[in-house]
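Some notes on the structure that comes next.
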Amino acid sequence: MKRALAAFALLTLAGCRQVPSSAPAAKAFGAAIVDVSGEKQSAGVGAVLDQPVVVQVNDAQGSGVAGALVEFSAASSVWFNPPSGLTGSDGQFSTTVRLGGMSGEYSLVATTRDKTGKPLQVAFPEIALDYQQTLGWELSEKYCSRCHNSESTAEKVSNHDNLSAPPHSFSDGATLNQISAANLIAIISHGGAALGKSPEMPPYSPTLSASDIDALAAYIRAIADPPYRPQGVFNANP
Amino acid sequence: MSLRETIRSACRFLFGDSARAFGSLSVLLLVLLAIVPAKDHFREWLHYQREYQDLIRNRSDAVSLARRFLGGVQQIWLPELGVVDRCSTCHVGLGEASLAGVAMQPFRPHPPIPHSLTEFGCVMCHRGQGAATTVEEAHSSTKAWEQPILPARYVESSCGQCHERPLVGTPQLNAGREMLARYGCVHCHKVMSPEGRTMTATDDPPSLEHVAAKTTREWIFVWIKNPQAYAATATMPNFQLSDDDARDISAFLVSQSTPYLSDASRKTPPVPAQDDAAALQQGSSAYGESFCASCHAMQNAAGLMVGGNVGPELTRVGSKVKPEWLAEWLRNPKVYDPDTAMPHYRFEEKEIGLVMGFLGSKTDSDFLANVHLDAATPQQIAHGKTLVNERGCAACHEINGVSHLDNFAPELTAVGSLPLAKIVFAPGMPRTLPDYISAKIRNPRSFGNALKMPQFTFSDSQVDSLVTALLAQTSRAKTVPVALRISAALSSTYQPAGRAGQLMTDMRCFSCHTINGRGGDMAPDLTWEGSSVQRGWLVNFLKRPNTLRPALIRRMPKFNLTDEEANVLADYIMIVYQTPNFDRDQIDASKFSAADTAHGKDLYYGKFACNSCHIVDPIKDKGYIGPTLTQVGLRLNAAWIFHWLKSAQALRPGTMELNWNMSDDDARAITAFLMQQKAASKEGTSR
């Protein structure tokens with residue numbers, strides 16, 4: 001067991017290079033640390049997250065503290081640039097994150113210390129996608145997100161609110177986790193009408209291949225929040 | 001007791017008489033005989049295999065897992081690929097999907113990929129020493145094996161060894177390859193595909209042969225010192241020039257510049273004064289209506305960059321260009337740069353003045369504030385020319401008196417297999433190839449101040465993408481069997497003929513549209529456009545293109561064509577760009593019955609819910625992903641709609657429209673309904 005872990009550590013260390021840095025000394029101390037942005041992102045294994053991860057150190061009144069030391073930590077294969085530093089004048093500290101080489105959930109922990117030296121922490125869950133899930137993400141960006149993502153930008157206007165049955169966000173685990181794997185694939189393949197749901201969901205089987213649809217389902221499962229935890233034991237593929 | 005005496009007494013004890021000697025030698029022999037089995041017992045891979053058996057023992061699927069477990073050294077041998085992989089000796093659970101929850105290596109199953117492990121092995125993608133049976137030898141560089149396992153973040157590079165065509169599912173590799181072409185890497189570094197195709201640049205660094213007509217020496221001075229200070233999106237890297245060097249290079253560039261206009265006496269049109277708010281507003285409208293933002297970005301008041309990246313950013317263009325140059329450029333850009341991607345707009349002089357007024361207001365008073373250059377001396381000009389030669393400016397730009405440079409920098413065709421022994425690492429850096437390439441891109445001068453490679457401003461993820469693309473350039477890629485290779489799409493040099501061809505060149509249709517495999521991807525593929533549209537609509541659209549897809553920022557500009565020009569283009573498109581798969585006139589829309597139309601409407605709103613994405617009734621319908629169809633009966637012909645409904649992807653591969661595989665009856669009914677959509681509109685506004 002120990003050797004396996006050592007081998008794992010060796011592997012992951014080989015794939016990662018920490019920016020050499022000496023953590024500066026804290027100039028101030030906060031009473032709380034909160035997440036500002038950058039949680040629940042997904043990216044391919046070993047890819048840099050699109051958005052930086054931002055935390056804020058607050059005093060007892062809830063306003064930002066400048067000069068507090070924030071240190072990020074996670075599994076050894078995760079790379080931070082920079083891994084530690086002092087908060088700016090708004091009390092915030094931001095770092096760029098590259099996830100490790102294994103797919104799955106990662107927890108990034110930001111730590112600061114209060115006046116007594118007690119550590120204060122906030123965790124950021126992030127998801128690394130394997131090849132199949134990355135493929136699903138790319139297909140989803142092209143075919144699905146215009147309706148399933150309600151966020152609208154000038155370059156990509158969302159159609160979500162125009163539909164009579166608003167589509168579920170792909171990260172809506174509370175709903176989508178209830179749908180069995182076979183049903184999820186059937187809905188994507190044959191459309192909503194075929195399964196007694198809204199006909200606004202079109203059938204994708206003549207357009208996408210079966211493996212593309214599998215990839216979409218894998219992506220939906222990967223980013224589910226709360227996470228998708230299949231019940232029971234599955235048999236290996238025959 | 002001395003040492004000698006001790007040895008003597010020990011010998012006497014062990015070999016004192018024949019019985020003792022026999023006993024001792026027997027014991028020694030037994031020990032020697034035990035060494036080999038003991039060594040075998042402690043082998044690393046055996047240890048992992050025993051651990052795996054412990055792992056699966058208490059699972060409910062233990063029986064099936066145990067049945068598939070093969071003990072001993074496992075090997076995948078693929079002579080054609082040069083693969084001898086024993087990785088599955090320790091990575092025993094690679095094919096066991098049911099172990100998906102196991103986090104401990106080496107027992108995790110391989111994530112699903114399109115290739116079978118037994119057909120491709122492991123080292124094709126992960127590199128490392130496949131034949132090794134110890135953790136250290138398989139994953140790390142050893143004296144006998146240089147190439148360690150590839151960090152997972154670059155694993156897409158291995159796809160690039162066979163796949164030259166952009167692949168869905170490898171975003172990082174695709175982005176890296178695009179960057180090699182877009183950021184000018186391949187101007188200096190030769191990069192060849194395994195098939196011997198040289199990668200070509202997609203950026204278009206301007207010729208500097210007439211640069212003094214376009215801008216001032218002061219602007220050149222500030223620009224070459226730090227291009228990103230002028231435009232955050234500039235692709236030109238920073239050469240970290242000293243003030244003196246920048247002074248001399250700017251002096252040389254201005255001195256070598258020649259006039260480009262045969263008729264230098266042309267006047268600039270009247271430009272409204274900078275305090276004429278109404279005229280500036282008109283200029284801004286003209287800029288918007290011409291859809292300049294489809295290609296050019298500009299920082300808006302909120303600090304956001306708005307617009308495309310085909311042409312240069314224009315946030316501070318008023319501090320850069322000379323008015324007389326800008327007027328000529330807006331009249332016809334090809335006079336200054338025959339190869340520009342910018343279309344010839346056929347603006348009226350008054351419009352040119354308005355646009356000039358608007359662009360002239362895009363200045364930055366700080367930008368050239370503290371720049372004062374004395375008149376250049378001949379020594380400075382000569383020194384500038386030397387610097388231009390040394391720094392390789394002519395690898396990207398045309399410059400009078402300096403010959404174009406090929407292979408200015410080392411070739412990178414096989415950089416993914418560069419032997420570590422040939423690399424000079426900077427002190428303190430990790431001694432691996434990916435780390436070396438990444439450090440070179442991040443900060444070239446960290447390897448020595450005399451190096452010529454300039455400083456780029458890339459984000460962490462951009463650097464990862466570039467490293468991924470470069471690591472795909474391996475020597476193994478050349479030995480991949482031809483049957484496995486997915487070649488890049490052949491680049492097309494298609495050129496339409498005759499006067500229509502001239503017009504299409506003049507308007508730079510190929511900057512945005514693709515026809516017969518040539519062109520950009522900003523606008524629809526026009527290869528079968530003649531089968532799709534009605535001639536009357538096309539002529540109208542060419543003269544007054546406006547919003548077919550209201551949700552898009554990037555749209556077709558108005559080129560101010562004459563009637564004759566629009567007709568020439570329409571004739572050519574209608575006759576030449578026809579699909580051979582069906583006859584445009586095979587369905588006569590006038591023969592549809594009212595019942596067909598009514599049935600089609602039911603299908604449109606019911607079974608197929610077309611209204612999720614398209615608008616037919618602008619008051620009731622809301623979907624706006626696809627084009628509005630309020631006037632589709634005037635725009636498209638019936639046969640196109642019919643075939644589009646059956647199999648859109650066959651007509652325009654990659655379109656967002658699904659292949660509906662509709663029955664002939666359903667497709668016919670919806671076609672009938674759509675051909676009725678002929679809403680009248682104010683000409684030139686919403687068509």
For region B:162-188, give me each residue that is outside any loop (DSSP other than H, G, I, E, B), under 23 Å from A:Leu208 (Cβ atoms) and β-branched (Val, Ile, Thr).
none
Answer with yes or no whether B:Asp54 is free of Cβ contacts under 8 Å to residues at least 12 places away in the same chain, charged (D, E, K, R) and facing chain A (nearest Cβ under 10 Å).
yes
Condition check: part of a helix (DSSP H, G or I) and in contact with a Ser or Thr (Cβ under 6 Å, 6 or more places away or on another chain). Does B:Ile220 satisfy that?
yes
Looking at region A:64-80, is at least one residue part of a strand (DSSP E or B), within 11 Å of chain B (Cβ to nearest Cβ), within 30 Å of B:Val102 (Cα to Cα) and among the charged types (D, E, K, R)?
no
Suppose we keep only residues that are open to solvent by less than 20 Å² (accessible area, probe 1.4 Å) and touching a helix residue (DSSP H, G or I) at 6+ places or on another chain (Cβ under 8 Å) within region B:277-299. Which one would you say is farthest from B:Lys558 (Cα to Cα)?
B:Ala279
Say whether the condition of being within 14 Å of chain A (Cβ to nearest Cβ), over 26 Å from A:Pro166 (Cβ atoms), buried (at least 17 other Cβ atoms within 10 Å of the Cβ) and in contact with a strand residue (DSSP E or B) (Cβ under 9 Å, 6 or more places away or on another chain) is met by at least one residue in region B:624-642.
no
Show me the helices (runs of 4 or more DSSP H) entirely contained within region B:317-399 in which 3 or more residues are open to solvent by 40 Å² or more (accessible area, probe 1.4 Å) and touching a helix residue (DSSP H, G or I) at 6+ places or on another chain (Cβ under 9 Å).
B:323-331, B:378-391
Looking at A:Ser211, A:Ser152, can you tell me which residue is small (Gly, Ala, Ser), within 12 Å of chain B (Cβ to nearest Cβ) and in contact with an Asp or Glu (Cβ under 9 Å, 6 or more places away or on another chain)?
A:Ser152
Look at B:Arg652 and say whether it is over 27 Å from B:Asn516 (Cβ atoms) and open to solvent by 30 Å² or more (accessible area, probe 1.4 Å).
no
Determine whether region A:36-45 contains at least one residue that is open to solvent by 40 Å² or more (accessible area, probe 1.4 Å), in contact (Cβ under 8 Å) with a residue 24 or more places away in the chain, part of a strand (DSSP E or B) and away from every other protein chain (no Cβ under 14 Å).
yes
Out of A:Leu184, A:Leu163, A:Leu176, I need the residue that is in contact (Cβ under 8 Å) with a residue 40 or more places away in the chain and of a type in the set (A, V, I, L, M). Which one?
A:Leu176
Does B:Ala175 meet the test of being surrounded by fewer than 21 Cβ atoms within 10 Å (Cβ to Cβ), within 13 Å of chain A (Cβ to nearest Cβ), at pLDDT 90 or above and under 28 Å from B:Asp521 (Cβ atoms)?
yes
Of the conditions (1) small (Gly, Ala, Ser); (2) surrounded by 20 or more Cβ atoms within 10 Å (Cβ to Cβ); (3) more than 19 Å from B:Arg485 (Cβ to Cβ), the single one that B:Gly160 does not satisfy is (3)
Apart from one, (1) more than 32 Å from the chain's Cα centre (by Cα); (2) over 19 Å from B:Ser255 (Cβ atoms) all hold for B:His344; the odd one out is (1)
For region B:12-48, which residues satisfy the criterion of being surrounded by 12 or more Cβ atoms within 10 Å (Cβ to Cβ) and not basic (Lys, Arg)?
B:Leu14, B:Phe15, B:Gly16, B:Ala21, B:Gly23, B:Ser24, B:Leu25, B:Glu44, B:Trp45, B:Leu46, B:His47, B:Tyr48
Within region B:415-422, identify whether any single residue is more than 30 Å from the chain's Cα centre (by Cα) and farther than 21 Å from B:Pro206 by Cβ, and answer yes or no.
yes
Given (1) surrounded by fewer than 18 Cβ atoms within 10 Å (Cβ to Cβ); (2) closer than 24 Å to B:Val335 by Cβ, identify the lone condition not met by B:Pro269.
(1)
B:Asp521: passes all of (1) within 14 Å of chain A (Cβ to nearest Cβ); (2) touching a Phe, Trp or Tyr at 6+ places or on another chain (Cβ under 9 Å); (3) at pLDDT below 95 but (2)
Selected residue [within 14 Å of another protein chain (Cβ to nearest Cβ), of a type in the set (Phe, Trp, Tyr) and closer than 17 Å to B:Trp644 by Cβ] from B:Phe608, B:Phe582, B:Phe592:
B:Phe608
Residue check, A:Pro202 against (1) touching a Gly at 6+ places or on another chain (Cβ under 7 Å); (2) open to solvent by 30 Å² or more (accessible area, probe 1.4 Å), all met but one. Which one?
(2)
When you scan region A:112-130, do you find a residue that is surrounded by 22 or more Cβ atoms within 10 Å (Cβ to Cβ), within 14 Å of chain B (Cβ to nearest Cβ) and within 30 Å of B:Cys613 (Cα to Cα), even just one?
yes
Being open to solvent by 30 Å² or more (accessible area, probe 1.4 Å) and in contact (Cβ under 8 Å) with a residue 60 or more places away in the chain is true for just one of B:His110, B:His187. Which residue is that?
B:His187
Screening A:Ser158, A:Ser189 for residues that are open to solvent by less than 30 Å² (accessible area, probe 1.4 Å), among the small types (Gly, Ala, Ser) and either closer than 22 Å to B:Arg554 by Cβ or without any contact (Cβ under 8 Å) to a residue 24 or more places away in the chain (or both) leaves only A:Ser158
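The values are calculated or read from the model by the stated rules, or taken from the named source; none is laboratory data. Keep in mind that this is a model prediction, so the values were computed, not measured. Every residue, glycine among them, receives a Cβ derived from its backbone with ideal geometry; neighbour counts consider all protein chains shown. For the accessible areas, the whole protein counts, side chains as well, though only heavy atoms, and no ligand, DNA or RNA atoms are used. Shrake-Rupley method; radii C 1.70, N 1.55, O 1.52, S 1.80 Å.
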